[in-house]
1. Among residues belonging to segment 183-192 that are more than 6 Å from the ligand (Cβ to nearest atom) and not in a loop (DSSP other than H, G, I, E, B), point out the one that is nearest to residue 161 (Cα to Cα).
2. Among the residues of segment 61-83, are any in contact with a strand residue (DSSP E or B) (Cβ under 7 Å, 6 or more places away or on another chain), at pLDDT 95 or above, in a helix (DSSP H, G or I) and surrounded by fewer than 17 Cβ atoms within 10 Å (Cβ to Cβ)?
3. For residue 104, indicate whether it is crowded, with 22+ Cβ neighbours inside 10 Å and free of Cβ contacts under 8 Å to residues at least 60 places away in the same chain.
4. Evaluate segment 122-131: report whether one residue or more is under 22 Å from residue 65 (Cβ atoms), more than 14 Å from the ligand (Cβ to nearest atom) and not in a helix (DSSP H, G or I).
5. Across segment 12-31, what is the total count of residues that are within 6 Å of the ligand (Cβ to nearest atom) and on the phi < 0 side of the Ramachandran plot?
6. Limited to segment 235-270, what total is found for residues that are modelled with pLDDT of 85 or more, in contact with a helix residue (DSSP H, G or I) (Cβ under 9 Å, 6 or more places away or on another chain) and either part of a loop (DSSP other than H, G, I, E, B) or farther than 19 Å from residue 163 by Cα (or both)?
7. Which one is surrounded by the most Cβ atoms within 10 Å (Cβ to Cβ) among residues in segment 37-60 that are part of a helix (DSSP H, G or I) and within 9 Å of the ligand (Cβ to nearest atom)?
8. Assess whether residue 96 counts as being away from the ligand (no atom under 12 Å from the Cβ), free of Cβ contacts under 8 Å to residues at least 24 places away in the same chain, on the phi < 0 side of the Ramachandran plot and outside any loop (DSSP other than H, G, I, E, B).
Ligand SMILES: NC(=O)c1ccc[n+]([C@@H]2O[C@H](COP(=O)([O-])OP(=O)(O)OC[C@H]3O[C@@H](n4cnc5c(N)ncnc54)[C@H](OP(=O)(O)O)[C@@H]3O)[C@@H](O)[C@H]2O)c1
């Protein structure tokens, strides 16, 4: 049976992808850690859209989780025609003071799991000569971001990797798209322990809904684009890096964020 696999489908952008593609009659494999949320969503989508929806509750950071997930879809005879690598998280703070384990786990989820799943499912897509892969990057991946150093670097990787393999696979009838959302109304900020100050700053700038992000992604896939920034203002901000050197951008971003972290450090030291 043909199916679409979505990682990080228990909430936020991934959940909206699931709802939207169920409307288009995609059979689904939904992946995340929260089994209860996945089970509920599967039932809802099967009832509403007469599709088949499986879920796999798994921590993609675990050793060989990608292999276990792949083996499960194989043993159920599922042909993954669409792969949406969406699971990811961020962190914010002075890198030297962030917890190392969390930074490494972020790299393992945002990069290692994404590369491993892409490699595994690409083999089948090559054989069938068709497939769609959406890798969720971020506008944070367009330039270095002080105080979100690791996260922005993981997303720069996702964007670069996806654009490169998009070209490698173009002649194999496989579309690969790096989806680059800006700030979006999801649980991302809470999951990343981004304080209310920073969250409010993003809120003031205006956040997109996950629905708008998913529509931008699906339009880009239809147009065969190797990357897309969702939203015009995000597009313009992301493109700033084409005209302004990184040294100036990083100084400006740090100018805003450094005082917040200095203040926090001083309070903690008292
Ligand atoms: N929201 C934004 O402002 C924004 C902007 C740009 C890019 N993005 C990117 O968009 C993607 C989706 O994030 P979101 O905004 O929808 O955030 P979210 O609401 O926090 O959703 C993250 C999803 O990833 C899953 N997940 C987290 N850790 C996991 C793990 N170890 N193994 C398996 N699944 C895991 C979560 O489910 P469980 O907790 O159930 O595992 C959840 O379904 C991420 O890659 C993020 O970097 C977000």
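The values are calculated or read from the model by the stated rules, or taken from the named source; none is laboratory data. Note that the coordinates shown come from a computational prediction; the quantities given were computed from them, not determined experimentally. Cβ: placed from backbone, ideal geometry, glycine included. Neighbour counts: every protein chain shown.
1. Step one: of segment 183-192, the residues more than 6 Å from the ligand (Cβ to nearest atom) are 185, 189-190, 192.
Among the residues that remain, those that are also not in a loop (DSSP other than H, G, I, E, B) are: 189-190.
Working: 189: 25, 190: 27 Å.
Here the answer is 189.
2. Going residue by residue through segment 61-83, those that are in contact with a strand residue (DSSP E or B) (Cβ under 7 Å, 6 or more places away or on another chain) are 69, 72-73, 76, 78-83.
Add one more test, that the residue is at pLDDT 95 or above, and what stays is 69, 72-73, 76, 78-83.
Restricting the remaining residues to those that are in a helix (DSSP H, G or I) gives 69, 72-73.
Right, trim to surrounded by fewer than 17 Cβ atoms within 10 Å (Cβ to Cβ) and you get 72.
Scanning segment 61-83 turns up at least one residue that is in contact with a strand residue (DSSP E or B) (Cβ under 7 Å, 6 or more places away or on another chain), at pLDDT 95 or above, in a helix (DSSP H, G or I) and surrounded by fewer than 17 Cβ atoms within 10 Å (Cβ to Cβ).
3. Values: crowded, with 22+ Cβ neighbours inside 10 Å: no; free of Cβ contacts under 8 Å to residues at least 60 places away in the same chain: yes.
Here the answer is no, as residue 104 does not meet what is asked.
4. Applying the first criterion (under 22 Å from residue 65 (Cβ atoms)) to segment 122-131 yields 122-125, 131.
Among the residues that remain, those that are also more than 14 Å from the ligand (Cβ to nearest atom) are: 122-125, 131.
After this cut, where a residue has to be not in a helix (DSSP H, G or I) as well, the list is 131.
There is at least one residue in segment 122-131 that is under 22 Å from residue 65 (Cβ atoms), more than 14 Å from the ligand (Cβ to nearest atom) and not in a helix (DSSP H, G or I).
5. As a first pass, look at segment 12-31 and keep what is within 6 Å of the ligand (Cβ to nearest atom): 12-14.
Subset that is on the phi < 0 side of the Ramachandran plot: 13-14.
Going through segment 12-31 one residue at a time, the tally reaches 2.
6. 6
7. Taking segment 37-60 as the starting set, the residues that turn out to be part of a helix (DSSP H, G or I) are 37-49.
With within 9 Å of the ligand (Cβ to nearest atom) added as a condition, the list becomes 37-38.
Numbers: 37: 17, 38: 24.
Residue satisfying both the conditions and the ranking: 38.
8. Numbers: away from the ligand (no atom under 12 Å from the Cβ): yes; free of Cβ contacts under 8 Å to residues at least 24 places away in the same chain: yes; on the phi < 0 side of the Ramachandran plot: yes; outside any loop (DSSP other than H, G, I, E, B): yes.
Taking the combined requirement at face value, the residue satisfies it.
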